[in-house]
Amino acid sequence: MERLPGFRDFYPEPLPHPDVWSADARQYIFDQWRTVARRYGFREYDGPPVEPLELFTTKSGEEIVGQLYNFKDKGDREISLRPEMTPTLARMVAAHERNYKKPVKWFAIPQLFRYERQQKGRLREHFQFNADLIGETDPAADAELIALLIDTLRAFGLTSADFVIRLSSRNAWQDFYKQGGGHADHEYDFFQAIDKLERTREESEKKLAELGFSIDKVNQFIEDGHPTAELAGILQNLAARGLQEFIKVDYKVIRGLAYYTGVVFEAFDRKGEFRAIAGGGRYNNLVKLISGGKVDLPALGFGMGDVVLLELLKARGLLPKFDSPMDVFVTIEDESLRTISLKLVQDLRAAGYAVDYPLVPTKGDKQFKRAQELKVAHTVRAESDAYVRIRNLKTRDEVVAGFADAANHLG
């Protein structure tokens, strides 16, 4: 029986094959995401993996249905596996925003699903770090979120030589579009052409020409890269933190999604070997849209997927070695002492140590081999109901201690 294409099995280390995914690496990434987010005062939330289909079509239009795992449930409801987290967040905030002081700073690590063509760095499911700040319009909020993104990547050992945050603004492009005589009805088409400029240049040039814009003027605007007042404020804020080397204004970034309303940004590896590591920006109208106009709150956020991040960390040699988490192996060579040994195992676990032992009668040499395979620091053996023998496998030193005092000799 094979797994579905585009989905992953996660195995504990050591991995049975280099092409499978590591559950230990995934947990390491999750731990770093959570640690940095909490350091910034962000609180964790979650929502259901299945939502009404309307939640996603309201945000992105009917065209998104072709990218979804959607179906009718047994209650004849049109539903979908979540392709992204932001609509769920907007729904949750709109429902209970009065119960939370502003700004709201929340993060989540959802598993997301999209039915699309598989390619490097993109699968049909992935885990994503979502961080959002709701209820503040000042550019200081944008700077705070970008600083969180930078520090999250730095937590993995990445430096300014490894990645850069490319900062841009939909407002700057809107001004360019209006000054160039662009019609309001085709503004999103213009944004789409700019967004695809680096990937499908000829197609984008053709589309821009149809909209009345020359590629030369577009390129000149990008090359000049004059920061707007809001971008200048963000740059100054990040410079005050000592983070200026991680960021640059780059108007090639515009983010293709229609719901962005202002500042946008993406994180890229400096060598250009991978897809965007993360991306986000302002979406000041989404909560109002999802709530049917009942709640109107400014918002911004970013998402960072685990697939590209893991590829980058592997390429830079920044993943730690994932060894067995066991601290102690309790050996049982005298089966008459198994009952007291089980008490020893339980006491050591209660003291906070990761402990393993032979579940069934096993020869002493096999037990010791198992302890070595688990790379434990100590073996412990009950000598009686009063004493234990503790062996440090690194130094080979041994000590006999009272049964109740065993944990104090394992530091």
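The values are calculated or read from the model by the stated rules, or taken from the named source; none is laboratory data. A quick note: this is a predicted structure, and the numbers were derived from the prediction, not measured. Cβ atoms come from the backbone with ideal geometry, glycine included; neighbour counts cover every protein chain shown. Note: areas computed on protein heavy atoms with side chains; ligands, DNA, RNA excluded. Shrake-Rupley method; radii C 1.70, N 1.55, O 1.52, S 1.80 Å.
For this structure, a couple of remarks:
- Test set (1) modelled with pLDDT of 95 or more; (2) surrounded by 17 or more Cβ atoms within 10 Å (Cβ to Cβ); (3) farther than 23 Å from residue 133 by Cα - residue 270 fails condition number: (2)
- Candidates 349, 338, filtered to the one that is open to solvent by 10 Å² or more (accessible area, probe 1.4 Å), touching a strand residue (DSSP E or B) at 6+ places or on another chain (Cβ under 6 Å) and in a helix (DSSP H, G or I): 349
- Positions within the stretch 162-183 being in contact with a strand residue (DSSP E or B) (Cβ under 9 Å, 6 or more places away or on another chain) and either aromatic (Phe, Trp, Tyr) or part of a strand (DSSP E or B) (or both), in sequence order: 163, 164, 165, 166, 167, 168, 169
- Unmet requirement for residue 330, which otherwise passes all of (1) closer than 26 Å to residue 24 by Cβ; (2) modelled with pLDDT of 95 or more; (3) surrounded by fewer than 16 Cβ atoms within 10 Å (Cβ to Cβ): (3)
- Any hit, the stretch 159-170, residues being open to solvent by less than 50 Å² (accessible area, probe 1.4 Å), farther than 22 Å from residue 243 by Cβ and either touching a residue at least 60 places away in the same chain (Cβ under 8 Å) or more than 18 Å from the chain's Cα centre (by Cα) (or both): yes
- The listed residue being of a type in the set (A, V, I, L, M), surrounded by fewer than 15 Cβ atoms within 10 Å (Cβ to Cβ) and over 25 Å from residue 310 (Cα atoms), out of 90, 95: 95
- Subset of the stretch 142-158 (residues that are assigned to a helix (DSSP H, G or I) and either open to solvent by less than 10 Å² (accessible area, probe 1.4 Å) or of a type in the set (Ser, Thr, Tyr) (or both)): 142, 143, 145, 146, 147, 148, 149, 150, 152, 153
- Any hit, the stretch 254-262, residues being open to solvent by less than 20 Å² (accessible area, probe 1.4 Å), among the β-branched types (Val, Ile, Thr) and farther than 17 Å from residue 145 by Cβ: yes
- Evaluating residue 65 against the criteria (1) in a strand (DSSP E or B); (2) out of contact with any Phe, Trp or Tyr (no Cβ under 6 Å at 6 or more places or on another chain); (3) open to solvent by 20 Å² or more (accessible area, probe 1.4 Å) leaves one unmet condition, (1).
- Qualifying residue in the stretch 41-58 (condition: open to solvent by 20 Å² or more (accessible area, probe 1.4 Å) and farther than 28 Å from residue 293 by Cα): yes
- Within the set 354, 299, 315, 377, the sole residue that is more than 19 Å from residue 399 (Cβ to Cβ), open to solvent by 40 Å² or more (accessible area, probe 1.4 Å) and of a type in the set (A, V, I, L, M) turns out to be 315.
- Considering only residues in the stretch 69-87 that are open to solvent by 10 Å² or more (accessible area, probe 1.4 Å) and either at pLDDT below 95 or of a type in the set (A, V, I, L, M) (or both), the one that is nearest to residue 112 (Cα to Cα) turns out to be 81.
- Contact annotation: residue pairs with Cβ atoms under 9 Å, 6 or more positions apart or on different chains, pairing a residue in the stretch 318-342 that is touching a residue at least 60 places away in the same chain (Cβ under 8 Å) with a partner that is of a type in the set (Ser, Thr, Tyr) and surrounded by fewer than 18 Cβ atoms within 10 Å (Cβ to Cβ), are 319/28; 320/28; 322/28; 340/384.
- Filtering the stretch 222-236 to residues that are open to solvent by 40 Å² or more (accessible area, probe 1.4 Å) and farther than 14 Å from residue 170 by Cα leaves 223, 224, 235, 236.
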